[in-house]
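To keep things clear, I will list the structure first and then write my remarks on it.
What follows is calculated from the coordinates using simple rules that are stated; it is not laboratory data. Quick caveat: nothing in here was measured; it's all calculated off a predicted structure. Neighbour counts run over all protein chains shown; Cβ positions are idealised from the backbone, glycine included.
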C-alpha cells in the first residue's frame, strides 16, 4: 500500500495537510519504514556547551548522555521537590497524575514546570537551553514536562515507541524539530529499569497500525497498545543499531531526539528510578490539529507556545 493510500485509509485526522509521516494505519505500508525528512542537528553554527564530537554523536545515535550535568546539591534539591510533588494527596485521581496499572502509586506527574517554580526555572537554565538550541537550531518552548518515578519492585516498563509518532498523531506536531531532556535524579543501573534506546532508529519513521481510540491518553499513559512499532521493523532496527541503556549516577543528562525508538523494562530491584523530563519543541514547529486522532490530547500533555496551565 502506498503512502498516499495509507493516509486515505487511516482514521480521518483533523489536520488536512499532506502528511509525510502517516501512522495509525488500517493496513501496513509496502515498506517497513519511511525516511526521515528533517536534519537531526540544526544549530551547529550556534555557540554552546556541546562540542563537534558531541553533536556528531547525537546526530549518529539520536541521543547523548552527559554524566555530572548537575552537582550533588542541585540533585538533592530536585529530589526534595520530587518527593513533595509525589506526596500531594490532592493530585491523586487527577488526569495529570498517572498511577501504576495495578496500584495508586504515582508513576508520572505531568505539567510539572507549572506545578513547581524550581522546575520552571530549570526549563530556562542556560546550561539546558543552550544545548537545546544547538540541536534544534531555533527558539524552543516546552511542549511537555513530567516527573517519572519507577518504584523498587513495583515500577512497570514502557513498550518500544517513538515519542514523535504519538506527538504527531495525537498532538499535531508537524515535524521532527523536538528534543527531550531527561535529568537523572537517582542512580540508573542495569536492574532498575533504565531507559533503553535503539541507536540510529531516529533516521527513519516507523508507521504504526490501528485507529487511535477516543481519549487514548487515559489508557496509553499506563500501558501503550497503539503507536507501538511492529516486531519485524523493531527486529531489523535492533539488528542494525543494537540497544543501549545509559546508566550512571544521579545528576546525569540524557538528550534524545524526538523520533529515536526507546522503551524500558520493569524495575526488578529495590532501588527506585526517577527523573525529570522536559520536551523542547521549536517554536516554528508548534502543534496544529492532530494527524491521526479525532481530537487533540489535553493541555497538560501538550502545551502550546505562550500558553499557561493550572490543575
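Numerical summary
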read-out: Helix-derived mean residue ellipticity, 222 nm - over the chain, DSSP H n ≥ 4, -39500 (n - 2.57), to 500; value: -6500 deg cm²/dmol
read-out: Rounded, prolate or oblate (a/c below 1.5 giving rounded, otherwise prolate when a/b exceeds b/c) for the chain by Cα gyration tensor; value: rounded
read-out: Cut-off 13 Å (backbone N to label point 7 Å along Cα→Cβ of residue 269), residues of segment 172-207; value: 185-195
read-out: Virtual spin-label span in nm between residue 245 and residue 45, 7 Å along Cα→Cβ; value: 4.2 nm
read-out: Length added when fully stretched, residue 191-residue 27, from 0.36 nm per residue minus Cα-Cα; value: 55.3 nm
read-out: On Cα atoms only, tilt of 52-61 relative to the major axis of the chain in degrees; value: 50 degrees
read-out: For the chain, built as a Gaussian network whose Cα springs stay under 10 Å, the top-fluctuating residue of 245, 52, 26; value: 52
read-out: Nearest-0.05 FRET efficiency for residue 304 and residue 72, computed from C-beta distance (R0 30 Å); value: 0.25
read-out: Convex hull of Cα atoms in segment 179-311, direction-averaged projection (nm²); value: 9.7 nm²
read-out: Of every Cα-Cα pair in segment 251-311, the percent that sits beyond 15 Å; value: 70 percent
read-out: Gain upon complete extension [residue 60, residue 88; 0.36 nm per residue less C-alpha separation]; value: 6.0 nm
read-out: Shape of segment 152-256, Cα gyration tensor, a/c cut at 1.5; value: prolate
read-out: Label-point separation, residue 236 to residue 288 (7 Å along Cα→Cβ), nm; value: 2.9 nm
